[in-house]
Amino acid sequence: MDARKRHYGWYEGKEVFEYVLTNDQQAVFRCIDYGAVVTGIEVPDQFGKRENVVLGFKQFEDYVNDSPYFGAFVGRVAGRIADGAWSAYRLTQNEGQHHIHGGVHNFSQRVWDSRVVKENNKVGVAFSLVSPDGDNGYPGNLSVTVTYYWTNENVWEMLITAETDQQTLFNPTNHTYFNLSGNTKRKVLNHTLQMDAEKYAETNGAKLPTGRLLPVANTAFDFRVPKKMRTAIKERPEGFDTPFKLTGNKKIQLHDPDSGRILVIETDREAVVVFSTTDMEEDYLVDGEKMSSHRGIALETQELPDAVHHPKFRSIVIEPERTYHYRTKYTFTTHQA
Ligand code: FUC
């Protein structure tokens with residue numbers, strides 16, 4: 001196992017570093033201390049060819065200028081909070097009248113403290129920051145650490161811990177977009193997606209949950225058995241920006257039959273938001289080509305969005321004098337050639 005740290009850029013007078021973690025199979029995990037962003041994951045296809053399977057930019061400036069949260073750690077609260085309202089607090093309204101992804105200059109746009117951590121069979125980077133009382137309207141000084149481990153078995157483990165000195169909200173996620181074809185040489189339409197999710201959260205025109213959890217059976221949202229994204233998009237041409245409530249083993253599996261790569265996600269979180277990038281036609285480049293629909297798929301493990309307004313959703317209120325732990329594991333394998 002090997003961990004290297006190197007200069008990546010400058011942000012608000014601070015030097016930004018990239019960490020390159022290489023395991024004994026020569027598979028590589030890259031991340032930066034700006035936004036705790038995952039910038040690359042290079043894993044073998046069915047023939048052993050290592051290529052990158054996440055969307056990212058070539059240079060640091062692109063992450064700062066116009067990133068749709070590529071690889072980013074999102075907080076304090078991922079997703080939308082209706083009207084930026086929680087209790088008597090008023091959170092930054094940064095998507096129309098609503099609050100999204102923690103507000104402005106949120107966790108994905110700050111330089112974190114970081115250090116390399118080593119354990120048996122894995123190496124990682126621990127990123128920490130303190131979000132001050134009043135940050136984007138949230139009460140309490142909140143200390144957050146997110147550790148990304150990269151193991152010898154090509155597993156990325158994400159461990160999050162948090163402590164606060166006042167009651168506040170916390171619902172973090174990592175916003176990595178996956179494309180298992182390798183260096184985005186194909187779109188994700190031939191990938192199959194399978195999820196242990198019996199219900200999805202109905203959303204309104206503002207992409208906010210209505211509070212109704214509906215059965216996936218006989219809908220485009222049924223991914224209980226593997227379904228090609230091409231088929232899913234045909235069933236739902238507007239695509240997916242949808243919270244699914246996880247059940248059973250809470251497994252999420254993405255498979256690219258062409259490269260043979262498989263990603264299995266396991267989590268202790270309540271839900272996953274699936275964002276299919278449908279209609280994302282952008283000017284910025286990914287692997288030398290303009291970002292366009294279905295270049296990737298974001299699978300964001302978290303508690304159900306806007307939980308503060310829906311008592312049936314798992315609470316995201318956290319209390320002082322406790323340490324909160326959250327865990328998601330991403331395993332990369334291949335089918336047999
Ligand atoms: C997901 C979506 C949002 C937004 C963001 C970049 O979290 O829920 O709609 O587009 O990604």
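The values are calculated or read from the model by the stated rules, or taken from the named source; none is laboratory data. For clarity, every value in this text was computed on a predicted model and none was experimentally measured. When we count neighbours, we look across all protein chains shown, and the Cβ atoms used for this are built from the backbone with ideal geometry, even at glycine. Only protein heavy atoms, including side chains, enter the accessible area calculation; ligands, DNA and RNA are left aside. Shrake-Rupley method; radii C 1.70, N 1.55, O 1.52, S 1.80 Å.
The condition (being within 12 Å of the ligand (Cβ to nearest atom), crowded, with 23+ Cβ neighbours inside 10 Å and either over 16 Å from the mean Cα position of the chain (by Cα) or not acidic (Asp, Glu) (or both)) is satisfied by just one residue among Val43, Val74, Val53: Val74. All of (1) farther than 30 Å from Leu193 by Cβ; (2) open to solvent by 20 Å² or more (accessible area, probe 1.4 Å) hold for Glu157 with one exception: (1). More than 16 Å from the ligand (Cβ to nearest atom) and under 18 Å from Asn52 (Cα atoms), is that true of Asn174? Taking the combined requirement at face value, the residue does not satisfy it.
For region 85-105, taking the residues that are open to solvent by less than 30 Å² (accessible area, probe 1.4 Å), within 16 Å of the ligand (Cβ to nearest atom) and not β-branched (Val, Ile, Thr), the one that is nearest to the chain's Cα centre (by Cα) is identified as His101.
Entry remark, region 231-241: residues being assigned to a loop (DSSP other than H, G, I, E, B) and either open to solvent by 40 Å² or more (accessible area, probe 1.4 Å) or free of Cβ contacts under 8 Å to residues at least 12 places away in the same chain (or both) number 3 in total. Scanning region 194-230 for residues that are within 19 Å of Arg314 (Cβ to Cβ), surrounded by fewer than 17 Cβ atoms within 10 Å (Cβ to Cβ) and within 16 Å of the ligand (Cβ to nearest atom) yields Glu202, Thr210. Close contacts from region 262-273, counting a first residue that is within 14 Å of the ligand (Cβ to nearest atom) and a second that is among the charged types (D, E, K, R) and in a strand (DSSP E or B), with Cβ to Cβ under 6 Å and a gap of 6+ residues or different chains, come to Ala271/Lys245; Val273/Glu300. Scan region 204-220 for residues that are on the phi < 0 side of the Ramachandran plot, in contact with an Asp or Glu (Cβ under 9 Å, 6 or more places away or on another chain) and in a loop (DSSP other than H, G, I, E, B) and the total you get is 6.
State whether one or more residues within region 288-306 are more than 16 Å from the ligand (Cβ to nearest atom) and either open to solvent by less than 20 Å² (accessible area, probe 1.4 Å) or under 15 Å from Leu189 (Cα atoms) (or both).
Within region 288-306, the first condition is being more than 16 Å from the ligand (Cβ to nearest atom), and the residues that meet it are 288-290.
If we keep only those that are either open to solvent by less than 20 Å² (accessible area, probe 1.4 Å) or under 15 Å from Leu189 (Cα atoms) (or both) too, we end up with none.
There is no residue in region 288-306 that is more than 16 Å from the ligand (Cβ to nearest atom) and either open to solvent by less than 20 Å² (accessible area, probe 1.4 Å) or under 15 Å from Leu189 (Cα atoms) (or both).
The residue of region 106-137 that is surrounded by the fewest Cβ atoms within 10 Å (Cβ to Cβ), among those that are more than 16 Å from the ligand (Cβ to nearest atom) and assigned to a loop (DSSP other than H, G, I, E, B), is Asn120.
When Leu263 is tested against (1) open to solvent by less than 30 Å² (accessible area, probe 1.4 Å); (2) in a loop (DSSP other than H, G, I, E, B), exactly one condition is not met: (2).
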